[in-house]
Ligand code: SF4
């Protein structure tokens, strides 16, 4: 995609980066910040853990990235883009090497005097609430829809049918990648997809 759509150059903007397959919020921010020296909060697991401990006094960040985390990280980011990129790397390294998940080295930590989790005596993390994940709108539902469409047509289905089955392009592509990787769907090389084996031979004209 970079070659075909961006003239061989890694895109500069977050939105363009996010359209690349496999590039999510974290990766897009990391590329924009570390490679292009832009000012973006880069929230990987290590950064989220450090900020959670220092700012919120909690042992660990919530399981999913929250609006509050994004806002807090953006507020802390230095105004100068170059300094912001360095800051992000520094916090990431601090989380990887000093403020580790299981054995933080607080004596060696430059944030020890302002760390709320340390000041509070290292309270244990709250037990996660068990919730049944909703099915509506999930990747699982998307996979099911796509697989049902492919199953209905032994000769393979075209891009239009797949798009009609699931509108969100990123989720659809992700689900298709997963189905292909799991051997449940076979790409026919022209934007169409089919069940493995049978459909391929039909597609190639080797089957009646
Ligand atoms: S003082 Fe300890 S818990 Fe707090 S940020 Fe530093 S290493 Fe992590």
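Taking Cα centroids, how far is segment 88-161 from segment 1-53 in Å? With segment 88-161 and segment 1-53 each reduced to a Cα centre, they are spaced 17 Å. Relative contact order, whole percent, for segment 101-185 stands at 24, derived from Cα pairs under 8 Å and 6 or more residues apart. Of 177, 190, 44, which has the largest mean-square fluctuation in a 10 Å C-alpha GNM of the chain? Comparing 177, 190, 44 in a Gaussian network model of the chain, the most mobile one is 190. Springs join every pair of Cα atoms under 10 Å in this Gaussian network model of the chain, and among 17, 94, 76 the largest mean-square fluctuation is at 76. Name all residues of segment 144-170 having a backbone nitrogen under 14 Å from the label point set 7 Å from the Cα of residue 190 along its Cα→Cβ direction, giving them as ranges. Backbone N within reach: 155-160.
The orientation-averaged shadow of the Cα convex hull for the chain, equal to a quarter of the hull surface, comes to 15.4 nm².
The eigenvalues of the Cα gyration tensor, multiplied by 5 and square-rooted, give segment 139-203 an equivalent ellipsoid with semi-axes of 18, 12, 10 Å from largest to smallest. Counting beta carbons within 10 Å around each of 122, 26 and listing the fewest first gives the order 122, 26.
Looking only at segment 27-41, which residues have a backbone nitrogen under 18 Å from a spot 7 Å from the Cα of residue 168 in the C-beta direction? Output list for this probe position: 27-28. Measuring nothing but alpha carbons in segment 2-119 and taking Rh as the Kirkwood radius, the Rg to Rh ratio lands at 1.03. Short-range pairs are left out: with C-alpha atoms under 8 Å and at least six residues apart, the relative contact order of segment 2-119 is 26 percent.
Please check: in the Gaussian network model of the chain (C-alpha springs, under 10 Å), which one of 21, 81, 154 has the largest mean-square fluctuation. Looking only at 21, 81, 154, the biggest GNM fluctuation is shown by 154.
Dividing the mean sequence gap of close Cα pairs (under 8 Å, 6+ apart) by how many residues the chain holds gives a relative contact order of 15 percent. With both labels modelled 7 Å from their Cα along Cα-to-Cβ, the residue 155 to residue 182 distance reads 2.8 nm.
All of the numbers you see were taken from the coordinates with simple rules; none came from a lab. Keep in mind that this is a model prediction, so the values were computed, not measured. Glycine also receives a Cβ, built like all others from the backbone with ideal geometry; neighbour counts cover every protein chain displayed.
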